[in-house]
Amino acid sequence: MRIQYKLSITFVLLLVFGVTAISSYSIVFIRGYLMNQAEEDMKADARQLLVSMQLASYSDRPLPEVLDFIGRDSHYDIRLFSEGGELLASTYRASGEQLSTEHLSDETIHAETAYPATYSSNERFFVIEAWAGEQQTGAPMLLEVSRLKDEIYRPVRTIRWIIYSGMFISIAIILFVSFIFSNYLAKPILALTRASQQIADGDTTHSITLNRTDEFGTLAQSLNRMAARLQEDNQQLKIANNRQKQFYADIAHEIRNPLHTISGALEMLDMDKLSAEQRHKYLKSAQNQTERMNRLFKDMMTLQRSDLDPNFLHVRSFPLHEIMENLEQAYSDQARDKGLRLITKGEPVDALGDPDKIEQVLDNLLSNGIKYTSEGSVTMSWEPVNGKVIISVTDTGIGIQKEYIPKLFDRFFRTDKARSRDSGGTGLGLAVVKSILDAHKIEIEVESRPGDGTTFSFSLPLAGKTSASAAGTV
């Protein structure tokens, strides 16, 4: 059953029960009120009739005539009894009814000692008033005034009709209003339900439009934000999934090539008629490919740790110039073999960061600079500026085209895949650089023009008192 119908039925039942209960209580209350009021009125009228009879008793008329005269204009039925309960006179002109009881019972006479007294039967309501008697005889008598209950309750029937008519009209109005109101409440609920189902089915482009300022409007806005967030997350997941697929494909490709080279070298080494020079050549080739695979797995471990390990960095103060000197010594022979000048420029300075990871960053940048520079120089420089030390690695190599720079730090991205692979690169060097500097919350900048070389630069906080505020950003 739809929620609209459930709400309608609930409202109708609650309001119908309420209206019915109020109407029933009103009828019972009015009925009791009329009976109490009739009792008080009959008591007062009985006293008035008794006074009238006392006055009329001074005449010479017999009691039946006096009673007939008194009750002629009265709307009550009147009977006069002796003290013993014997009927002396009666008038029932108002109703045209003749009572079968011609005398009062002993129980009524002796029970009702406090006059005026009241009692009732199934059809009538009675009031008895004591009378000392007429002037001539002075005998005590009882005056009975009665009235049909139907006459007393006659206004109740009219009131009941009015109440029931109003009740049915109210119920009809309630049905109409409850349908409108339940529709007003159910409409946003149904819209939210459909939207949540569509979102659950994967349709995150659906948007809910509810021009309301209540909780439904707030919930609609929350669902819209959730759908937008899910859509954004789905896009990110798709991108991540595509990157992961590409990553695995690149890994497989990167591993397959050196494995083929190593396998081919081993097959050649198994031949008997190889010269010492050829044997050395194949051994060197297998060794180079093994080292290349070691670098690949080392870079992959670094990237994995930077993504998952919260203790990836061990930040402390370290002498930056010593790292530069170590790298200069490590790459001086390689640079000299290519006819390049390896230049370091900077004063002794202490920086704040993870020295091992910063050394790995500079190692990758310096290695790339030497690898892609055929002539000229590769320069490592550092300069303290405003509490920071700006570090740069500049080469005079082939440079990078502008459209390739935004993708430069993607994993396995190469501007010239064949040339880069032939040179022994893993395609992860710059990705490792970016992940380490991201962990330090440091940006790296690239300036390059094809044929004019490339400059990579980043900054580290200086260690010591002057860099205390900057250290907190690492």
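Please work out if Glu291 is acidic (Asp, Glu) and either under 54 Å from the mean Cα position of the chain (by Cα) or exposed (fewer than 13 other Cβ atoms within 10 Å of the Cβ) (or both). For Glu291, the condition - acidic (Asp, Glu) and either under 54 Å from the mean Cα position of the chain (by Cα) or exposed (fewer than 13 other Cβ atoms within 10 Å of the Cβ) (or both) - is met.
Put simply, of Ala249, Ala191, Ala186, Ala228 the only residue that is more than 30 Å from Asn294 (Cα to Cα), aliphatic (A, V, I, L, M) and in the same structural domain as Arg292 (by TED's automatic domain parsing) is Ala228. Taking the numbered list (1) at pLDDT 75 or above; (2) closer than 28 Å to Lys441 by Cβ in turn, Ser332 passes all entries but (2).
Report yes if Ser57 is of a type in the set (Ser, Thr, Tyr) and modelled with pLDDT under 80, otherwise no. Judged against the criteria, Ser57 is a match. Residues in segment 119-130 that are at pLDDT below 80 and either under 14 Å from Leu143 (Cα atoms) or of a type outside the set (Ser, Thr, Tyr) (or both): Tyr119 only.
Cβ separations smaller than 8 Å between residues 6+ apart or across chains give the following pairs from segment 150-170 residues that are within 17 Å of Gln37 (Cα to Cα) and in the same structural domain as Val28 (by TED's automatic domain parsing) to residues that are among the charged types (D, E, K, R) and not in a helix (DSSP H, G or I): Asp150/Glu123. Scanning segment 65-90 for residues that are under 20 Å from Ser120 (Cα atoms), charged (D, E, K, R) and surrounded by 15 or more Cβ atoms within 10 Å (Cβ to Cβ) returns Asp77, Arg79.
Among the residues of segment 131-145, those identified as in contact with a strand residue (DSSP E or B) (Cβ under 6 Å, 6 or more places away or on another chain) and either at pLDDT below 80 or within 15 Å of Ala44 (Cβ to Cβ) (or both) are Trp131, Gly133, Leu143, Val145.
Only a single criterion out of (1) part of a loop (DSSP other than H, G, I, E, B); (2) at pLDDT 75 or above is not satisfied by Tyr115, namely (2). Counting just the residues of segment 379-404 that are assigned to a strand (DSSP E or B) and of a type in the set (A, V, I, L, M, F, W, C), which one comes out surrounded by the fewest Cβ atoms within 10 Å (Cβ to Cβ)? Among them, the one singled out is Val385.
Would it be correct to say that Ile30 is without any contact (Cβ under 8 Å) to a residue 40 or more places away in the chain, surrounded by fewer than 17 Cβ atoms within 10 Å (Cβ to Cβ) and assigned to a helix (DSSP H, G or I)? Taking the combined requirement at face value, the residue does not satisfy it. Selection over segment 432-455 of residues that are among the hydrophobic types (A, V, I, L, M, F, W, C) and either farther than 21 Å from Val378 by Cα or modelled with pLDDT under 85 (or both) gives a count of 5.
The values are calculated or read from the model by the stated rules, or taken from the named source; none is laboratory data. Given the structure is predicted, the values throughout are model-derived calculations rather than measurements. With ideal geometry, Cβ positions are generated from the backbone for all residues, glycine too; neighbour counts draw on all protein chains shown.
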